[in-house]
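Inspection log for the structure reproduced underneath, given as structure tokens.
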Amino acid sequence: MAAPVKVYGPPLSTAVSRVLACLLEKDVEFQLVPVNMAKGEHKNPDYLKIQPFGQVPAFQDESITIFESRAICRYICEKYADRGNKNLYSMNPLVKASIEQWLEAEGQSYNPPSSTLVFQLAFAPRMNIKQDEAQIKLNDQKLLKVLDVYDQRLESSRFLAGDEFTLADLSHLPNTHYLVSVGNRGEAFSSRKNVDRWWNEISSRDSWKKVVEMQKSK
Amino acid sequence: MVVKVYGSTRAACPQRVMACLLEKEVEFEIVHVDLDAGEQKKPEFLQRQPFGQVPAVEDGDFRLFESRAIIRYYATKYAGRGADLLGATPEERAVVDQWLEVEAHNFNDLAFNLVFHLVISPHMGLRSDLALVHSSEQKLEKVMDIYEQRLSKSKYLAGDFFSLADLSHLPAIRCLTEDAGLGHLVKERKFVNAWWEDISSRPSWKKLLTLL
């Protein structure tokens, strides 16, 4: 039996929680290695050896050390294909293509405005950093436009890539959780019928509930 | 069956797709989308790509958008043809993915800011945000330092083979060095420079440049 895989970083980090959600969906045992970002541990020479950009998360198993949360998720799904949720990252080329399309849409269109808003609304206040009202306004507008596209897509599709919950949906969990809870942006999601249905469904998954618990306890 | 690539040969993201198709020896046809006239935001195009962006592909009944999803699809479909752009094992593929994600999240936004404000805005008669140009350039210098460190130990980003991770950088670096006057980002770094010379000399990239 292989040792648990290692994930470096705090569960509060959106990118770290993306990987944790994936590991839980795939039933892969993991060990969380703390990285104290308030103390700048992520910029220490030792950490930079595993993540040269000084970001979290990083991931290690017996074969490899890698970084970038979406790359880690893809690796977990491929390496542990026979475990847990097998639909997360389908082997079928056409299904996989749709997953990749919406995972890239998350990374390129959803992540920029949502992560800016998460920082401004959820983290800046905690860090005693003054909020940038112009950035909030601009990114609120961008986010709403993206949610309109999602609402249209989810009219004819239960999940983003198709009938099954996949990495494409999972990738949205971390930022959206902060937006609707601490960020006070719930209405943007609940006012769009299909987005509302989709968010309620994906955020009720056991794996995500466990991640939220982990975030509360750290 | 010829793959249709919707976009402009002059735009970076369609170029990413075309570079991959050329590497994989997949025949394609470019269906021009007039970006200057805002064709990508018109209802007809939005049916094809709901975010109003290029590229999108049509391959028989199959449709796909997002350039990095498209290149992953074709690199997988034609894994046995042309250069292997993906990696032979899950571990090799993970490192390719890692550096492709680095390109998408650590490199692309900064490169885009520079290209938009130094090349596209002037072309469209818009005012450039020079403060953003300055800060983006400084941040990109730091990113390129990390690339320099990586490439001092590895011939290509993901290892000893040319992969999607390297390919994904071709359009933006061409634009930064040739159109935006930022060649120093590459030339001042020994290993980045050698890497750029190598990847931009590939026959498929040279072929693409003839299409511009």
Verdict on A:Val7 being touching a Leu at 6+ places or on another chain (Cβ under 6 Å), closer than 20 Å to B:Pro90 by Cβ and either open to solvent by less than 20 Å² (accessible area, probe 1.4 Å) or basic (Lys, Arg) (or both): yes
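For region A:170-178, check the following and say yes or no: at least one residue is in contact with a Lys or Arg (Cβ under 8 Å, 6 or more places away or on another chain) and among the hydroxyl-bearing types (Ser, Thr, Tyr). Can you show your working first?
Going residue by residue through region A:170-178, those that are in contact with a Lys or Arg (Cβ under 8 Å, 6 or more places away or on another chain) are A:170-171, A:173-174.
Those left that are additionally among the hydroxyl-bearing types (Ser, Thr, Tyr): A:171.
Yes, that holds for at least one residue.
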Looking at region B:38-57, can you tell me whether even one residue there is in a loop (DSSP other than H, G, I, E, B), within 14 Å of chain A (Cβ to nearest Cβ), within 21 Å of A:Leu103 (Cα to Cα) and hydrophobic (A, V, I, L, M, F, W, C)? yes
Can you tell me which residue is farthest from A:Val95 (Cα to Cα) among those in region A:151-175 that are surrounded by fewer than 23 Cβ atoms within 10 Å (Cβ to Cβ) and among the hydroxyl-bearing types (Ser, Thr, Tyr)? A:Ser156
I need the full set of residues from region A:182-218 which are touching a residue at least 40 places away in the same chain (Cβ under 8 Å), within 15 Å of the chain's Cα centre (by Cα) and closer than 28 Å to A:Lys137 by Cβ, in order please. A:Ile202, A:Gln215
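Here is a yes/no grid of residues against (1) open to solvent by less than 10 Å² (accessible area, probe 1.4 Å); (2) among the hydrophobic types (A, V, I, L, M, F, W, C):
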residue	(1), (2)
B:Gly159	no, no
B:Leu167	yes, yes
B:Asp179	no, no
B:Arg189	no, no
B:Ser200	no, no
B:Lys207	no, no
B:Leu211	no, yes
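What are the residues in region A:164-181 that are of a type outside the set (S, T, N, Q) and under 15 Å from A:Val195 (Cα atoms), if any?
So the first thing to find is which residues in region A:164-181 are of a type outside the set (S, T, N, Q), and the list is A:164-165, A:167-170, A:172-174, A:177-180.
Listed by number, the residues that qualify are A:Phe165, A:Ala168, A:Asp169, A:Leu170, A:His172, A:Leu173, A:His177, A:Leu179, A:Val180.
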Among the residues of region B:58-73, what is the count of those that are in a loop (DSSP other than H, G, I, E, B) and open to solvent by less than 50 Å² (accessible area, probe 1.4 Å)? 2
B:Val57 fails exactly one of (1) under 25 Å from A:Ile64 (Cβ atoms); (2) under 18 Å from the mean Cα position of the chain (by Cα); (3) among the aliphatic types (A, V, I, L, M), namely (1)
Could you check region A:69-109 and list, in sequence order, the residues that are under 21 Å from A:Asp27 (Cβ atoms), free of Cβ contacts under 8 Å to residues at least 12 places away in the same chain and of a type in the set (A, V, I, L, M, F, W, C)? A:Ala71, A:Ala81, A:Met91
With the requirement that a residue be part of a helix (DSSP H, G or I) and open to solvent by 30 Å² or more (accessible area, probe 1.4 Å), what does region B:74-94 give you? B:Thr76, B:Lys77, B:Pro90, B:Glu91, B:Glu92, B:Arg93
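For A:Leu179, indicate whether it is touching a Gly at 6+ places or on another chain (Cβ under 9 Å), over 20 Å from B:Arg63 (Cα atoms) and assigned to a helix (DSSP H, G or I).
yes
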Among the helices (runs of 4 or more DSSP H) contained in region A:90-158, which hold 1 or more residues that are more than 21 Å from the chain's Cα centre (by Cα) and within 14 Å of chain B (Cβ to nearest Cβ)? A:93-105, A:133-155
Consider region B:104-148. How many of its residues are more than 10 Å from chain A (Cβ to nearest Cβ), assigned to a helix (DSSP H, G or I), out of contact with any Phe, Trp or Tyr (no Cβ under 6 Å at 6 or more places or on another chain) and charged (D, E, K, R)? 3
Considering each of A:Ala134, A:Ala81, A:Ala105 in turn, give the residue that is open to solvent by 40 Å² or more (accessible area, probe 1.4 Å), over 19 Å from A:Pro11 (Cα atoms) and at pLDDT 95 or above. A:Ala134
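The values are calculated or read from the model by the stated rules, or taken from the named source; none is laboratory data. Values in this document were obtained by computation on a predicted structure and should not be read as measured data. Glycine gets a Cβ as well: all are built from the backbone with ideal geometry, and neighbour counts include every protein chain shown. Side chains included, ligands, DNA and RNA excluded: accessible areas come from the protein's heavy atoms. Shrake-Rupley method; radii C 1.70, N 1.55, O 1.52, S 1.80 Å.
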